[in-house]
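Undergrad: Let me begin by handing over the structure; questions about it come next.
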Amino acid sequence: MVKKVEIFCPATVANVGPGFDILGFALDAPGDIICLERTTEKKHIIQNDSEIDLPLNPEKNVATVALDAFLSSLNSNEKFHLTFKQKIPAGSGIGSSAASSAGAVFAANLLLEKPYTEADLVPFAMKGEEVASGSAHADNVAPAILGGFVLVRSYEPLDILGIPSPDGLYCSVVHPEISIATADSRKILKTSVPLKTAITQCGNVAGLVTGLITGNFRLIRDSMHDVIAEPIRSFLIPEYDRVKKAAMNTGALGCSISGSGPSLFALSENKDTAEQIGKAMESVYSEARIGSKVYVSMVNMKGMKVLLEE
Ligand code: HSE
């Protein structure tokens, strides 16, 4: 019987331009590293060995909220000792809460000898997202668990589809050193959109998905436009227009807000271009004297990685 697992839970880019709440993909880096062990304690124990602050109260931590949803579906009273060894900063826009929620349920499923398939775990991880942001969206947790690009075709009932992504597709992410709470950046969105806006957005989502499936980079570029969230949320992000322009001028296929921000991501056709885009985005922030971190990654097709099982 496995007593202890340590897993890498990847960061994710949600929305991917026009796919608000319905498209996302996993990155190779950064990510959380979480270790889970069974405990005989009466409640879950959260140990933070990372450099990032996180709630140690199991009722407030998204990982243990997701874990409890998973355990109660199994009528299990099992308790776990969770150690966060590495943590994506909260409010970064690259799926920090998703990595913790998804990672915890993925690890617990391994310890309990896989009562669920990976796809079955998504709704439990969504409970963590609900606590973090007030909305149980799946566009971060699903790619974190399943890897690759995913489309949430429907929420009721939940229907999640893996979408192939073209060889060579790279992503550059820049995270300016500010944090934005997803709950706040959801509150500022309009709750209804004009028909014309909806038509434009639907066309772009369909074009983007078709471009990904057929490996058509021109179509991906033509479709990477968000007319619903980006025009409103971009005001929350310092130097947004300049960073986006720098990415586009360096050969990006498209550039938009990663999740609810403040990170921006850009897609490109190869690693060299992705690295140059990363530098171009970072230099806008350094000129503006804003610290930032850049990550260049392929689409991570695997999702979670088991680092240790004993
Ligand atoms: N789809 C979500 C949003 C992702 O944009 O609010 C953030 O976690």
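Undergrad: It is to be established whether one or more residues within region 40-51 are within 16 Å of the ligand (Cβ to nearest atom), touching a Ser or Thr at 6+ places or on another chain (Cβ under 9 Å) and of a type in the set (A, V, I, L, M).
TA: The answer is no, given that none of the residues of region 40-51 is within 16 Å of the ligand (Cβ to nearest atom), touching a Ser or Thr at 6+ places or on another chain (Cβ under 9 Å) and of a type in the set (A, V, I, L, M).
Undergrad: Continuing with this model, one more query. Please return the ranges of strands (runs of 3 or more DSSP E) entirely within region 16-113 where 1 or more residues are of a type in the set (F, W, Y), buried (at least 22 other Cβ atoms within 10 Å of the Cβ) and touching a residue at least 40 places away in the same chain (Cβ under 8 Å).
TA: Fully inside region 16-113 and qualifying: 23-39, 79-86.
Undergrad: Next question. Determine, yes or no, whether L161 is within 30 Å of D68 (Cα to Cα), more than 13 Å from the ligand (Cβ to nearest atom) and surrounded by fewer than 15 Cβ atoms within 10 Å (Cβ to Cβ).
TA: yes
Undergrad: So which pairs qualify, if the first residue must be in region 279-302 and free of Cβ contacts under 8 Å to residues at least 40 places away in the same chain, the second must be in a helix (DSSP H, G or I) and of a type in the set (G, A, S), the Cβ gap must be under 7 Å, and the two must be at least 6 apart or on different chains?
TA: A280/A246; A280/A247
Undergrad: So the check is Cβ under 8 Å with 6+ separation or different chains; which pairs have a first residue in region 221-246 that's charged (D, E, K, R) and a second one that's surrounded by fewer than 17 Cβ atoms within 10 Å (Cβ to Cβ) and part of a loop (DSSP other than H, G, I, E, B)?
TA: Cβ pairs passing all conditions: R233/I188; R233/L189; E239/A288; E239/I290; R242/A288.
Undergrad: How many residues does region 221-264 contain that are within 20 Å of L169 (Cα to Cα), within 12 Å of the ligand (Cβ to nearest atom) and in contact with a Ser or Thr (Cβ under 6 Å, 6 or more places away or on another chain)?
TA: The total comes to 2.
Undergrad: Moving on. Quick one: is D167 among the charged types (D, E, K, R) and within 15 Å of the ligand (Cβ to nearest atom)?
TA: no
Throughout, read-outs are computed from the coordinates displayed, never taken from laboratory work. Worth saying up front: this structure is predicted, and the values here are computed from it rather than measured. Counting neighbours? That spans all protein chains shown, and the Cβs are built from the backbone with ideal geometry, glycine included.
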